[in-house]
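Student: If you scroll down you'll find the structure; I have some questions about it.
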Amino acid sequence: MKTDHIILSLDPMYSPLHEKIAKLTSVKRFSITSCFAKKIYLPSFQQYLAVGIIDSVTKEDAQPYQSKMACMNTYHHAYASKVEGRALSDEELNYMARFYLGLKKFILEKGISLLLVHNESRWYHSVALELCRELSIPYLVTEQGLIRPHTTVIDSQGSNANSRIEFDCNSIGNLDLAKEKQLFVPKNTHDSLKSMFYFLLFLIIFTIERINRSRSVVRYMHNNYSLRKYAKRIVNKILKKKKSSPQSSEGAVLLLLQLENDSQFLLHSPFESNQEVIDLVSDFAKKNHCKLALKRHPLDDGTYSLAEHVYMVDGKITELAKVAKMVFTINSSASIDVLRTNTPLILLGTPFITGKVLLADIASIRS
């Protein structure tokens, strides 16, 4: 393993993972973050702010690169298109182009030889990976969501449908065997008290930045890291434990809902809303004389219009899938739990799984 890299980390995940990778592989460490608060996860890195990189490039110099930015496939592009129903403005494209030029200069001046990002769909991460491909610089993408709750995937290509992972259903048995034999016993989980403490510290620092209207925060982040939002999540989680749906998914079509603003939904599916997905699968179930059981994403607090044969369920995905007639989902990591059963799994998007799954022909389902 090469240990003399000059590493650049863009916004890390909310853990010390990028720090640990850097200690194993680098001689120099730089970070370019979307806000000052991310410094708590990169204490040994020399920190620069993305807004500083952007301010180092003039709007005029960046104009020729706006068309390049318009062709990129990022979360911000998808959000503007699907949620807001618009194309990106010249102002947005120019802002991204300024980051592109500033980051390219930074990478060449510092001699960066390895890039670390968490979830490449953020627009500034996508720009960075585009530069890595142009300059033949290797990069690693971290992603928490694939095999929850105790693992993080490190991929040299991307996350979700963009990853190099060929997750075949045959590997499920190996995961179960490892669990039974306790071959993998994590010391800390993503939701450990230590992890939550550092995330709270991050939220407090970021809130101070935001309240003071600090110019240290990059634009188009799509997450204002509101203390109220995360407090609401904790309350909802507690309330959810106290009440659960008594209904069963036995004999029904089971639909596992995804968050509408998740990159899996916006970037890797043809849909614009959960209601659109519900209506599609609801019609399919009705035509096949079945009920439709819906399981929400744990963070979903939306309201939906449901037909008479549609109802909500709760519980462990494996148990729900075992008794269902079939399962639909949009590229969710919950698919892995369904693969532990013999129930047919139909994916409504671009998948990361190979093996015994069916890729839905949306047109045929509608007809």
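The values are calculated or read from the model by the stated rules, or taken from the named source; none is laboratory data. Just so we're clear, the structure is a prediction, and the values are computed from it rather than from any experiment. Glycine gets a Cβ as well: all are built from the backbone with ideal geometry, and neighbour counts include every protein chain shown. Just so you know, the surface numbers come from the protein's heavy atoms only, side chains and all, with ligands and any DNA or RNA stripped out. Shrake-Rupley method; radii C 1.70, N 1.55, O 1.52, S 1.80 Å.
Student: By accessible area of protein heavy atoms, probe 1.4 Å, what ranking do Ser273, Ser282 get, highest first?
Tutor: Working: Ser273 35, Ser282 10 Å².
My answer, sorted largest first, is Ser273, Ser282.
Student: On to the next question. Would you calculate the separation in nanometres between label points at Arg228 and Ser273, each defined as 7 Å from the Cα along the Cα-to-beta-carbon direction?
Tutor: 2.3 nm
Student: Rounded, prolate or oblate: pick one for region 71-125, where a ≥ b ≥ c are the square roots of the eigenvalues of its C-alpha gyration tensor, a/c under 1.5 means rounded, and failing that, prolate if a/b is larger than b/c, else oblate.
Tutor: Working: a/c = 4.48, a/b = 1.80, b/c = 2.49.
Oblate shape, in that a/c is at least 1.5 and b/c is the bigger or equal ratio.
Student: Among Ala62, Ser34, Asn94, which residue has its Cα positioned farthest towards the positive end of the charge dipole of region 1-111, with +1 placed on the Cβ of Lys and Arg, -1 on the Cβ of Asp and Glu, and the dipole taken about the Cα centre?
Tutor: Ser34
Student: Sticking with this one: At a Förster radius of 30 Å, what calculated FRET efficiency corresponds to the Cβ-Cβ distance of Thr151 and Thr3, to the nearest 0.05? Write out the running numbers ahead of the final one.
Tutor: Details: r = 24 Å, r/R0 = 0.81.
E between Thr151 and Thr3, to the nearest 0.05, is 0.80.
Student: Rank these residues by their accessible area, most exposed first, probe 1.4 Å: Leu266, Leu299.
Tutor: On the way: Leu266 5, Leu299 75 Å².
So, going from the largest accessible area down, we get Leu299, Leu266.
Student: Further question on the same structure: Starting from the 7 Å offset along Cα-to-Cβ, what nm value, one decimal, do you get for the label separation of Arg340 and Gln63?
Tutor: 5.8 nm
Student: Excluding ligands and nucleic acids, what accessible area in Å² is computed for Val323 using a 1.4 Å probe, to the nearest 10?
Tutor: Near enough 60 Å² of accessible area.
Student: If you don't mind, another one. How about Lys38: which aspartates and glutamates have a C-alpha closer than 20 Å to its C-alpha, ignoring those fewer than 8 places off in the same chain?
Tutor: The qualifying aspartates and glutamates are Asp11, Glu19, Asp55, Glu120, Glu143, Asp191, Glu209.
Student: A follow-up question, please. Modelled label-to-label distance, Gln47 and Cys71, 7 Å Cα→beta-carbon offset: nm?
Tutor: Simple spin-label model gives 3.6 nm for this pair.
Student: Hey, can you grab everything whose amide H is under 5 Å from the amide H of Tyr48? Only 5+ residues off in sequence or another chain; H modelled, so Pro and N-termini drop out.
Tutor: Ser31, Ile32, Thr33
Student: Can you grab the distance from the C-alpha centre of region 74-92 to the C-alpha centre of region 128-144, Å, no decimals?
Tutor: 23 Å
Student: Now a separate question. Nearest 0.05, what FRET efficiency do Met312 and Glu109 give at R0 = 51 Å with Cβ-Cβ as r? Before the final figure, lay out each step's value.
Tutor: Values: r = 55 Å, r/R0 = 1.08.
Once rounded, the FRET efficiency stands at 0.40.
Student: Using the Karplus curve 6.51 cos²θ - 1.76 cosθ + 1.60 with θ = phi - 60°, what ³J(HN,Hα) values do you get for each residue of region 6-20, in whole Hz, with x for Gly and Pro?
Tutor: Values, residue by residue: 9, 9, 10, 10, 8, 2, x, 5, 7, 6, x, 4, 5, 4, 5 Hz.
Student: Another one. Provide the FRET efficiency to the nearest 0.05 for the Asp90-Asn261 pair, computing r from the beta carbons and using R0 = 25 Å. Please list the in-between numbers first.
Tutor: Numbers: r = 25 Å, r/R0 = 0.99.
Efficiency, rounded to the nearest 0.05: 0.50.
Student: Ser26's amide H: which non-local residues (gap 5+, or another chain) put their own amide H closer than 5 Å, with H modeled 1.01 Å from N in plane and none for Pro or chain starts?
Tutor: Result for Ser26 returns His5.
Student: Please say if region 256-311 is rounded, prolate or oblate, where rounded means a/c under 1.5 for a ≥ b ≥ c the square roots of the C-alpha gyration tensor eigenvalues, and otherwise the choice is prolate for a/b larger than b/c and oblate otherwise? Intermediate results must be reported in sequence, preceding the final value.
Tutor: Numbers: a/c = 2.41, a/b = 1.62, b/c = 1.49.
Note, shape of region 256-311 comes out prolate.
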